[in-house]
Structures are given as structure tokens and as C-alpha cells.
Amino acid sequence: VPADRKLYALRDATAMVESVPLIVGSIMSKKLAEGLDALVLDVKTGSGAFMENKWDAQELAAALVKTGREFGVNTEALITDMNQPLGKFVGNALEVYECLKIMRGETDEAMRPVLDLTIDLTARMLVLTGVADNLDEARARCLDKIQDGSALEKFRANLLLQKGDPRICDAPETLLEKDVLEIPFVAENGGYIEEIDTRGVGEAVCALGGGRVQVKDSIDYAVGFEVRKKIGDRVQKGDELGLVFCRKRSQFDEIGEKLRNAYKISFEKTHSPKLIKEVVV
């Protein structure tokens, strides 16, 4: 997007990154330039979100919806939970692998929130555009497209148009490098997982090379983290909370403290947070 990075750098230099009007301008200018009839937005809240508390998320969602509707675009926003990683994996190739498994109908319980949220967002778009009469019908149609393989085939077609390798649709495991170390990250004590600092997990993956700290940094697409326990799960000392994908053992040692600090384990049972917290229309 022309000038987008320069404008963001200017906002950063003037302490205006969190300005809701400027966030709305940045997001909606791109969307509205596409000539949309309808738009469904996913506004995250929680420890891994830009808007960590729900009040800020509500303010942003309301402003986005209001702006869209003022430009004649039928707009809705979901406020969704980011107090723990959404799915099973954190990391570039790992997350693509997860999405391919879902489109292949091979979703396991840890991947389920990714599927559920994707179906809900898509279903709302089908209703807004008049393709479906109601959400129940729309959700059922979305799930049918996963189960009959047509969602995967549409992804394959898009991949070909962008000169990607369609073979990954048939063998998602080819995305995962075989020489990457897989090291278990275990619980130091037993109890129930009360909190996960999603930002801390993301920073740990970034430290492995999975994200950029500076613009000039290169990205290692193979590294990442597999989430094996989530909020509300009971764990014993020594249970695997996750699996770290890294190049060297020293990398695992370097991020160990950050991961330990990201998980809070208590003796009291904690319920998993609701995925979709609010719908803003």
C-alpha cells in the first residue's frame, strides 16, 4: 500500500499508534478502496491483541462498523478472544499446515477454534450479501464446503494463480522441514492453566526467528510453537504444555523463561474463555 509504512512510522514517532480514528482510517481506506458491498471484521481482544481490554476493542469495532455503513457498505464486526493462541500452532509454515489440515477435513480438537471462527465470519458474510437467509443455513453451507472438499479446491486454484505449489494441498506435511528440532516444553508444577500470555508466546516465536523485530530482519518460516494445553486444562508436573520447533537447542534455552512466564498455573479450575465475545452491527 503506497505510503502505508511511512504513515505508520509517523504515527509511531508522534505516539499516535493507538489513536482509534487513525486505526480506522488505516484499516477502512484499504477495504473501501476495493468497492465492497459488505464487510465482516474480526476485532481481537486479550493478551495477544492490539486492543487488550474489551472496552478499547468495543470502541474500535463500533468505529469501524460506523465508518463502513457511512460509506454504504453493510458492515459487521465480531469481538473475539485472543487470551490464548487461537488454534494449535504459532508460526508461519505451521499455521499454513494447520489451515490445510482443516480444509482437508482433518481438524482435531486443538484446531477447532480456527474452524469455528472461520465458519462464523464466513457465514455472516453470506447473510449480509443475501447468499443465505440466516446464520444457521450459512454455517451449514460453509461446513458442507469443507466436508465435500470444495473449499480446499478453491484454495488450490488461488494457489495456482499466485504461482504457489499446489502439491501442499495433498501433502501438507511437506511444509514442515525435517531438520527442525522439536523440543517439548513441560509444566514445572501441576494444576489448571489459568492464563496464557499470548503476546509472550508470540515474542518467543519471534525470538526463534519466526517474526521480525526490525524491518531488515529475515524470517525463518519453519520455526514455531505447538500449543498442547489451553486455558482450563488440567496438567501434572512434567506434562507437555507445548512443542518448540527450532534450529538449535540453544534457541530453546533462550526462550524458555519467556515461555514459562507466559503460562500461569493455579489450583482452581478455570473455564476456557468464550471465543466470540460480542457482535457489533
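Of Leu78, Leu100, Leu64, all but one fail to be within 30 Å of Leu175 (Cα to Cα), surrounded by 15 or more Cβ atoms within 10 Å (Cβ to Cβ) and not assigned by TED's automatic domain parsing to the domain that holds Leu208; the exception is Leu100. Taken together, the residues in region 1-29 that are under 25 Å from Arg69 (Cα atoms), of a type in the set (D, E, K, R) and exposed (fewer than 11 other Cβ atoms within 10 Å of the Cβ) amount to 0. Looking only at region 227-235, decide whether some residue is in a loop (DSSP other than H, G, I, E, B), modelled with pLDDT of 95 or more, more than 22 Å from Glu173 (Cα to Cα) and among the acidic types (Asp, Glu). Within region 227-235 (the criterion being in a loop (DSSP other than H, G, I, E, B), modelled with pLDDT of 95 or more, more than 22 Å from Glu173 (Cα to Cα) and among the acidic types (Asp, Glu)), the answer is yes, since at least one residue qualifies.
If the condition is being touching a Lys or Arg at 6+ places or on another chain (Cβ under 6 Å), under 25 Å from Ala204 (Cα atoms) and part of a helix (DSSP H, G or I), then region 74-129 contributes Glu98, Ala110, Met111. When you scan region 165-180, do you find a residue that is surrounded by 14 or more Cβ atoms within 10 Å (Cβ to Cβ), in contact (Cβ under 8 Å) with a residue 24 or more places away in the chain, outside any helix (DSSP H, G or I) and touching a Gly at 6+ places or on another chain (Cβ under 8 Å), even just one? No: region 165-180 contains no residue that is surrounded by 14 or more Cβ atoms within 10 Å (Cβ to Cβ), in contact (Cβ under 8 Å) with a residue 24 or more places away in the chain, outside any helix (DSSP H, G or I) and touching a Gly at 6+ places or on another chain (Cβ under 8 Å).
Out of Lys154, Lys216, I need the residue that is over 30 Å from Ile265 (Cβ atoms) and surrounded by 12 or more Cβ atoms within 10 Å (Cβ to Cβ). Which one? Criteria check complete, one pass: Lys154. Residues in region 109-127: is at least one more than 30 Å from Val65 (Cα to Cα), buried (at least 16 other Cβ atoms within 10 Å of the Cβ) and not assigned by TED's automatic domain parsing to the domain that holds Thr198? Yes.
Just one of the listed residues (Lys258, Lys145) is closer than 28 Å to Thr45 by Cβ, more than 19 Å from the chain's Cα centre (by Cα) and outside any loop (DSSP other than H, G, I, E, B), and it is Lys258. Listed by first and then second residue, the pairs linking a residue in region 193-206 that is hydroxyl-bearing (Ser, Thr, Tyr) to a residue that is in a helix (DSSP H, G or I), with Cβ atoms under 9 Å apart and 6 or more places separating them unless they lie on different chains, are Thr198/Ala262.
Of the residues in region 203-219, how many are assigned to a loop (DSSP other than H, G, I, E, B) and either among the aliphatic types (A, V, I, L, M) or touching a helix residue (DSSP H, G or I) at 6+ places or on another chain (Cβ under 7 Å) (or both)?
Adding up the residues that qualify gives 4.
The values are calculated or read from the model by the stated rules, or taken from the named source; none is laboratory data. Computed from a prediction, not measured in an experiment: that's the story for all the values here. Every residue, glycine among them, receives a Cβ derived from its backbone with ideal geometry; neighbour counts consider all protein chains shown.
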